[in-house]
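What follows is a short report on a single structure.
The values are calculated or read from the model by the stated rules, or taken from the named source; none is laboratory data. Just so it is clear, the model here is predicted, and its values are computed rather than measured. Cβ placement follows ideal geometry from the backbone for every residue including glycine, while neighbour counts extend to all protein chains displayed.
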Amino acid sequence: MHEVNEYPHLTKGVNIVFCSSRVVPSITGKWKVNIRDWQQIVEAFQPDVIHSHLFEAEMMSRAWLYPKATYFSHCHDNMPQLNKLQANTFINKKKLANYYERTYLLPRYEQVKNQFVAISKDIAKHFKVNLPNSLANNIHLLPNAINYKTFYCDLPNEPPNLQTIKLISVGSLVPKKNQAFLLQVCKFLREQGLSVELNLLGDGPERAKITRLAKEIGMQKTIIMHGNVKDVPSHLHQSHIYVHAATYEPFGLVLLEAMAAGLPVVCLDGGGNKDLMLQGKNGFMVNQPGPLAFANYIKQLVEQPELYKSMSAFAQEFAAEYDIGVYVDKLLRLYEFTVSSLEIKFV
C-alpha cells in the first residue's frame, strides 16, 4: 500500500496507520504472503471490528484471523470472486482464478461468522444467491451515503426553458457508464426542436469515442467534456436535469448527490440504482430500450414546470435520508448489535 492519503480534507484528526502487508494467491501454489505488518497493527490495536472494503483486503485480512474481532465485508459490487461454480468456470482462466479465491475465503468466512454489508438490494440478492446457506443470513442492507450539505442547493432550481436545457452526468468514461447513449438522447431532443447542453464530468478510455461521436452527429459544441473536476457541486447547481445511462450500477451515489442539489434524475435501470428511484417523484427510470423514451422523459420535465418543481423539492427531501450522519448512526448500531449477538469461537 502506498503511504499517500488521498483524502486529507476528510481525515483531519483521524489517526491513519498504513499497512504494507499483502497476499497474492496463485493456483500453482506459489503464493506471496506478507502479513507480519498487519498482525502487529491488529495485535497492538486490539479491534472489536475488522471491516474490509476492497477484495485485496479480503484476502489479506483473512489470511490470519484475530479471535477477538467481528469481521465485516463491505459489498460495493457483485464481487465476482465469490460467484458459485458455473458451467464454464474451468475453461475460463479468470473465472477459474476467481473460484480458487472463493475456495480460499469461504472457510475463513465461516470460521469467523463473517458479516456482509450490501449497498443495495440488487447486491444483497447477488450475495444471497452465491454465498453458502451458512453465510447467507449474515447479509445486512446498508445503502451508501453522501455529505448532504456539500451538494445541497438552498436556491430553488428554475425549470429549464425551451431555449436552454442543461443536462449533466458524472462518472468515469468507461463502457458500462454508457455516456455515448446520452449523445443519442441529445440528438433526439435537438430533432424535436429543443436546445440542449450536455455536461460530462469525468475521464477515461471512452473519451475519444465520445468526442468522435459528438462530431459525427454535429453536437461537438453542445457536448461539453470537463474531465475530472474537483468542484462537482457547483456544476450540479448550474444544471437542470441529471442524466445517467449506466448499464450496471451497484448503487448510484451520483444520483443522490444530484438529488441533493435539487435535480430530477432520468436514468436507465442499472440494477442497484432501482433503490433510489421513485418513479415520477424524484425522476424517471427508463425501462424501454432506445434513447427516444429517455429523451421523452426529459422533454416532459421541460414542458411541465410544475412537475419539475415538485420533483426538485422531493428529490432534495429524499436525498436527505441518505446523509452521512444518518449512515454512521446505522453503521454503529449494526456493529453494536452484531458484536453483542455473536459468539466467535475459533483458534
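Key figures
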{"item": "Test for residue 27: is it under 30 Å from residue 96 (Cα atoms), buried (at least 16 other Cβ atoms within 10 Å of the Cβ) and in contact with a Phe, Trp or Tyr (Cβ under 6 Å, 6 or more places away or on another chain)", "result": "no"}
{"item": "Some residue of the range 239-256 being closer than 27 Å to residue 321 by Cα, under 15 Å from the mean Cα position of the chain (by Cα), hydroxyl-bearing (Ser, Thr, Tyr) and crowded, with 16+ Cβ neighbours inside 10 Å", "result": "yes"}
{"item": "Number of the condition not met by residue 10 [criteria: (1) without any contact (Cβ under 8 Å) to a residue 60 or more places away in the chain; (2) surrounded by 16 or more Cβ atoms within 10 Å (Cβ to Cβ)]", "result": "(2)"}
{"item": "Search result, residues across the range 1-28 that are farther than 20 Å from residue 41 by Cβ, polar (S, T, N, Q) and modelled with pLDDT of 85 or more", "result": "26"}
{"item": "Residue match in the range 24-31 (condition: under 19 Å from residue 71 (Cβ atoms) and aromatic (Phe, Trp, Tyr))", "result": "no"}
{"item": "Boolean, residue 88 is closer than 25 Å to residue 132 by Cβ and surrounded by 13 or more Cβ atoms within 10 Å (Cβ to Cβ)", "result": "no"}
{"item": "Condition check for residue 180: more than 28 Å from residue 309 (Cα to Cα), free of Cβ contacts under 8 Å to residues at least 12 places away in the same chain and aliphatic (A, V, I, L, M)", "result": "no"}
{"item": "Residue within the range 77-95 that is touching a residue at least 24 places away in the same chain (Cβ under 8 Å) and in contact with a Pro (Cβ under 8 Å, 6 or more places away or on another chain) present", "result": "yes"}
{"item": "Single unsatisfied condition, residue 76 versus (1) within 24 Å of residue 17 (Cβ to Cβ); (2) touching a strand residue (DSSP E or B) at 6+ places or on another chain (Cβ under 6 Å)", "result": "(2)"}
{"item": "Options 257, 336; residue that is in the same structural domain as residue 112 (by TED's automatic domain parsing) and over 21 Å from residue 125 (Cα atoms)", "result": "336"}
{"item": "Residue in the range 274-285 that is among the aliphatic types (A, V, I, L, M), surrounded by 14 or more Cβ atoms within 10 Å (Cβ to Cβ) and within 14 Å of residue 167 (Cβ to Cβ) present", "result": "no"}
